[in-house]
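K.L.:
The structure is given below, and queries will be raised subsequently.
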Amino acid sequence: MTADSLKQQLRRTTRRDLWLTLAPAVLLLGAAFVAAFHFIKPAPPKTLVLAMSPDEGGFRYYARKYQDFLARHGVTLELRSTKGSIDNVALLSDENSGVDVAFVQSGTVAGDKAQNVVSLGSLSYVPLWVFHRGEPLEDVRELKGRRIAVGPEGSGTRALALTLLKANGVDAEPTQLLPLERDEAVEQLKQGQLDAVFLISPAESPIIHKLAAVPGIRLLSFSRAEAYSRRFTYLSRLVLPRGVFNLAADIPERDVVVVAPTANLVARDSLHPALAYLLMRAASEVHGKAGLLDGASEFPAPRETGFPLSSEARRYYEAGVPLLQRYLPFWAANLVDRLWVMLVPIIAVMVPLFRIVPALYQWRIRSRIVRWYARLKEIEIQLDENPGREMLEDMLKRLEEAEREVNRIPMPLSYAENLYFFREHIEVVRRRLIRRLSGGLEGVEGHVHHATAQ
């Protein structure tokens, strides 16, 4: 065999050994990758659908702010108009509705409709404003027997209004409760066709400022606001300072005590965690500033909403923005987070493989020579049995044949010392055989031992 053919054979053998050694390792890595991919959450969707009532709680204004924030991070927020908070919760509970998140007023009682809905936190105070005609009133119980607009069916305004009116026993006749939309109710109040209207809206809402300035229309100040906040824990007692709407016109003309639920961001419990964190970041940017009734950094907050707080929201309020989202763009942070989860089990497999694969490759190379040691050991055992000359010559031939075969084994240079070690061992056995054949000292000692044994 020529030197070139030996080199070619060596390359082929080396490649085969490498593949046979690496193939199991590659399969194990593939299995680890598949297992990690099975448990990792998919990438977050690029589109979210938010349900909100345009006439309730200033939600339309907030929704546009959220749209702008999410658009900067590559997520499209689609808006779906509804009648109110109760409808929003029902849409979230319906898996086929396509709604992912919603603005909901605290205190919304949805019963079975609230299944699979979690809270991402409270966003701001949205006071209950009770505008009425006539003499100043101090409590809703004084509205008995009047015509009152309490909001349309399915709205959070109607739900809260009925709760307070029922608690005071003024929800039955002769009181007339009318399910009017906001704009229609305000217009009828101005024209004197209504005695009172319940509205839920932020203190900054222009419609509240305008209505408070209309002659003949008064804003009810809750003298028992503290009692309401104790009975209904989702309500807070707030004081609207005199003149805060218009200092020049002194509107309102006195301090007004109001009760206020909160606007809340709720979501389906299957919402992708990355999007949950992104929405809470949006909430911090939109609602974190001070307002007429909200303190700076008071919202968003994990207040009582009637829905369980999601695990992502709990971590957000305890530890803030996740580390990766603090320093990376949203898409990059999410990609790194997903890859990291996948790399953990893969690394757990790779670290042992880095030790096993070289040892396995070394074993494959050495095994080609090690098996010839069995023949060498067989010759040595036979040599100790004092064979005859014919047997010794046969043993010498077998030894030379083994040496020729081993010399033909393709061996990488880094493992060539194994080949030379074997050849040295062959030489040791060969010298013993030659001494025995030449009748040397070892042979004489063998005959003496044999005679003594007889």
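The values are calculated or read from the model by the stated rules, or taken from the named source; none is laboratory data. Predicted model, so just to flag it, every value in this text is computed and none were measured. Here Cβ is always computed from backbone atoms with ideal geometry, including for glycine, and neighbour counts include all displayed protein chains.
K.L.:
Can you report the number of residues in the range 224-240 which are assigned to a loop (DSSP other than H, G, I, E, B) and either crowded, with 19+ Cβ neighbours inside 10 Å or modelled with pLDDT under 95 (or both)?
P.N.:
Within the range 224-240, residues that are assigned to a loop (DSSP other than H, G, I, E, B) and either crowded, with 19+ Cβ neighbours inside 10 Å or modelled with pLDDT under 95 (or both) number 4.
K.L.:
If you don't mind, there's one more thing I want to ask. Restricting the first residue to the range 246-274 and requiring it to be among the charged types (D, E, K, R), which pairs with a second residue that is in a helix (DSSP H, G or I) and surrounded by 12 or more Cβ atoms within 10 Å (Cβ to Cβ) meet a Cβ separation below 6 Å and a spacing of at least six or different chains?
P.N.:
Correct list of pairs: Arg268/Leu92.
K.L.:
Within the range 134-174, can you find the residues that are of a type in the set (Val, Ile, Thr) and under 15 Å from Leu220 (Cβ atoms)? Even if it seems obvious, please write down each step before you answer.
P.N.:
Start the filter on the range 134-174 by keeping residues that are of a type in the set (Val, Ile, Thr), which leaves 140, 148, 150, 157, 163, 170.
Matches in the range 134-174: Val140, Ile148, Val150, Thr157, Val170.
K.L.:
Scan Gln188, Gln193 and give me the residue that is free of Cβ contacts under 8 Å to residues at least 60 places away in the same chain and touching a Leu at 6+ places or on another chain (Cβ under 9 Å).
P.N.:
Numbers: Gln193 fails: touching a Leu at 6+ places or on another chain (Cβ under 9 Å).
Answer to the selection: Gln188.
K.L.:
Please find, among Leu164, Leu160, Leu178, the residue that is at pLDDT 95 or above, within 21 Å of Asn264 (Cα to Cα) and out of contact with any Cys (no Cβ under 6 Å at 6 or more places or on another chain).
P.N.:
Among Leu164, Leu160, Leu178, only Leu164 is at pLDDT 95 or above, within 21 Å of Asn264 (Cα to Cα) and out of contact with any Cys (no Cβ under 6 Å at 6 or more places or on another chain).
K.L.:
Something else: Report whether or not Asn96 is polar (S, T, N, Q), without any contact (Cβ under 8 Å) to a residue 12 or more places away in the chain and not in a strand (DSSP E or B).
P.N.:
Judged against the criteria, Asn96 is a match.
K.L.:
Looking at the range 406-416, is at least one residue part of a helix (DSSP H, G or I), of a type in the set (D, E, K, R) and either out of contact with any strand residue (DSSP E or B) (no Cβ under 8 Å at 6 or more places or on another chain) or at pLDDT below 80 (or both)?
P.N.:
no
K.L.:
Among the numbered criteria (1) under 20 Å from Leu164 (Cα atoms); (2) in contact with a helix residue (DSSP H, G or I) (Cβ under 9 Å, 6 or more places away or on another chain); (3) buried (at least 20 other Cβ atoms within 10 Å of the Cβ), which one does Thr262 miss?
P.N.:
(2)
K.L.:
Moving on to the next point. Conditions: (1) in contact with a strand residue (DSSP E or B) (Cβ under 8 Å, 6 or more places away or on another chain); (2) charged (D, E, K, R); (3) farther than 21 Å from His287 by Cβ. Arg237 meets all but one. Number of the miss?
P.N.:
(3)
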